[in-house]
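Report on the following structure.
Derivation of every value follows stated rules applied to the coordinates shown; laboratory data play no part. Just so we're clear, the structure is a prediction, and the values are computed from it rather than from any experiment. Note: ideal-geometry Cβ built from the backbone for every residue, glycine included; neighbour counts use all protein chains shown.
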Amino acid sequence: MSIKVESGKIIFKMYKVLARKYRPQNFDEVCGQKDIVEVIKRSIKFNKVAHAYLFAGPRGVGKTTIARIFAKCLNCVEGPALNPCNKCDSCIEITNSASLDVLEIDGASNRGIDEIRNIRENVNLLPAKSRFKIYIIDEVHMLTPEAFNALLKTLEEPPPYIKFFFATTAPEKIPLTIISRCQRFNLKPLKKDEVKNKIMEICGKENIEIEEKAIDEIYDFCEGSLRDAISLLEQLSVFSDEKIKHQDVRYLLGLPEEKSIEEILKNILDKNYTKSIENLHKLISDGKDPVLILEGIIKKVKDIVISKLDIEKIEIDEQLVKRFNNLKTEEIFEGIEYIVEFKSILRREREPVLFTEVLILKLLQLWGNNKKELKEEIKIEKKEENKIKKEEEITDEKKENMGTIFDFKEEKETEKNEKEGGQKIEEKKENKEFNWEEILKKVKRFRPTLEAALREGKLDRIEGENIYILFDSKYNFHKSMVENISNKIKIEKIIFDLTGKKYKIIPILNKNSKSIIENPEVKKIIEFFNGEIIKMEE
């Protein structure tokens with residue numbers, strides 16, 4: 001609020017937020033919905049205005065704004081006009097939400113049958129002073145089924161002076177009987193250039209300096225909503241001292257820094273679990289939301305794929321892109337699917353940090369290339385090359401030195417035996433390190449019921465990174481409990497903490513065991529009562 005003194009009078013001037021200040025007042029100012037605006041203009045021009053319209057689309061794209069401008073066009077003194085004059089009493093009243101003949105109703109707070117009955121009673125009354133009596137119902141999908149039923153007859157055959165304009169973000173929740181009585185317009189999210197041009201226009205009028213990269217970040221966060229973009233711009237203009245920078249946007253929104261995301265991805269590719277987790281915990285200690293961290297990883301990987309496929313030129317670390325070139329596109333998309341899946345889990349679970357750590361383990365298995373393994377492979381290749389060269393040199397020597405060939409073969413055999421012996425020793429060590437009873441005790445501390453379910457199964461075998469747990473068919477319920485994604489992830493995490501190795505839990509059914517369900521008497525009981533087995537106990 002500002003105070004001015006003019007000719008001895010004190011004038012109070014209230015501050016108006018930018019989203020309201022720059023709200024379109026005619027069809028020419030509407031941003032990004034040219035096709036819909038053109039159809040409405042043509043319907044006015046040829047006098048083919050319907051009695052009911054439904055504007056559907058995401059938030060902040062102009063649903064209610066278009067409905068208001070449409071109402072002004074119909075009730076303008078100079079109208080029905082293709083654009084309102086915004087000077088007559090009718091236009092000014094509609095702009096200020098003070099018109100007696102244009103009623104804006106919030107569907108969320110006026111959703112009952114009584115409110116709709118009031119509309120039905122008032123429909124028979126003529127407009128106070130305008131050409132049409134117009135009802136604009138926002139978030140119409142919030143009305144109750146009874147309210148929709150009460151509205152049906154009025155919506156089908158209203159008086160000629162009545163118009164209904166509905167706006168909704170969830171058209172799928174509106175009954176088909178209502179939709180079929182309306183002309184429907186689907187508003188789309190605004191494109192990047194459209195939002196960018198509008199923000200630049202507002203910045204020019206409000207003397208706000210902003211970086212181009214900051215506008216890109218605003219658009220990415222607002223997902224095509226112009227109202228959200230303008231509101232965020234206003235917040236940033238207060239937050240920033242002079243020029244709005246890219247870092248200011250990320251800091252205000254709580255987004256992780258791009259360098260931190262790149263470091264996590266590099267450590268995942270290096271198969272360095274400890275450094276990946278350290279980077280993650282550092283971001284969380286800085287107050288970053290795990291969900292936003294995952295969104296940052298998705299965005300970064302998306303940029304890498306775009307630059308990898310040469311779809312668009314993006315400013316990105318070229319070394320990181322080269323590292324991803326070693327991965328197949330299918331593997332990259334599979335990793336993105338993991339991230340999206342875990343992102344939805346984080347919103348429901350109480351331990352988001354734990355599940356983020358498990359996700360990093362999954363990505364390490366899928367994307368990781370261990371540097372040590374690569375070096376060993378290179379060494380082995382070099383050894384083989386040297387051996388081939390030696391063999392070629394030996395064939396060129398005299399028969400006197402032919403004995404060295406056998407010596408070489410003996411050395412080769414001893415090397416093989418040493419390698420096989422070394423592998424057996426390592427395998428034995430792995431078996432010694434793996435203590436199933438210790439794992440069950442740890443699981444019991446976390447969730448006793450899960451430990452009980454595991455005990456009904458038997459540790460069948462360990463093949464590589466897979467642990468197979470065998471369940472008899474009568475313990476199918478216990479098997480499904482172990483298969484639950486959150487339980488499975490916890491078990492795998494406990495095993496990793498104890499052994500330092502990544503294993504996958506794979507529950508399997510013993511096909512040889514007989515289930516009680518196969519008993520003919522039990523089958524007759526189930527069929528007679530038309531029931532289903534929920535739980536089985538001994």
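By what distance, in whole Å, do the Cα atoms of segment 258-367 stretch along each of the three principal axes, largest value first?
Sorted from largest, the Cα extents of segment 258-367 read 40, 23, 23 Å.
Which whole-number percent gives the relative contact order of segment 436-518, counting Cα pairs below 8 Å spaced six or more residues apart?
32
In which sequence would Leu74, Leu100 go, from the one with the fewest C-beta neighbours within 10 Å to the one with the most? Numbers along the way, then the final one.
Numbers: Leu74 22, Leu100 11.
Placing the least packed residue first, the sequence is Leu100, Leu74.
Would you mind checking the pairs Lys41/Lys213; Lys300/Lys328; Lys48/Lys196; Lys63/Lys163 and listing those with alpha carbons more than 26 angstrom apart?
Violating the 26 Å limit, Cα to Cα: Lys41/Lys213; Lys48/Lys196.
What is the set of long-range amide H partners of Leu509 at a cut-off below 5 Å, with H atoms built 1.01 Å from backbone N?
Amide H neighbours of Leu509, under 5 Å, 5+ apart: Phe471.
Report the paramagnetic label zone for Val39: residues of segment 154-173 whose backbone N is under 17 Å from a point 7 Å from Cα along the Cα-to-Cβ axis.
Within reach of a label on Val39: 164-172.
With the cut-off at 14 Å, report for segment 436-518 the share of all Cα pairs above it, as a whole percent.
Numbers: 2072 of 3403 pairs.
Tail of the P(r) past 14 Å holds 61 percent of the pairs.
In whole Hz, what ³J(HN,Hα) sequence does segment 174-185 give by Karplus (6.51, -1.76, 1.60; θ = phi - 60°), x for Gly and Pro?
8, x, 4, 5, 7, 4, 5, 9, 10, 8, 9, 10
For segment 102-148, state which trypsin sites (Lys or Arg not before Pro) are in a DSSP loop and have at most 16 other beta carbons lying within 10 Å of their beta carbon. Walk me through the numbers before you get to the answer.
Working: sites: Arg111, Arg117, Arg120, Lys129, Arg131, Lys133; in loops: Arg111, Lys129, Arg131.
Counting only loop positions with at most 16 other Cβ atoms within 10 Å, the trypsin sites (Lys or Arg not before Pro) in segment 102-148 are Lys129, Arg131.
To the nearest µm²/s, what D does Stokes-Einstein give for segment 18-186 at 20 °C and 1.002 mPa s, using the Kirkwood radius over alpha carbon pairs as Rh? Intermediate results must be reported in sequence, preceding the final value.
On the way: Rh = 16.1 Å.
In µm²/s, the coefficient is 133.
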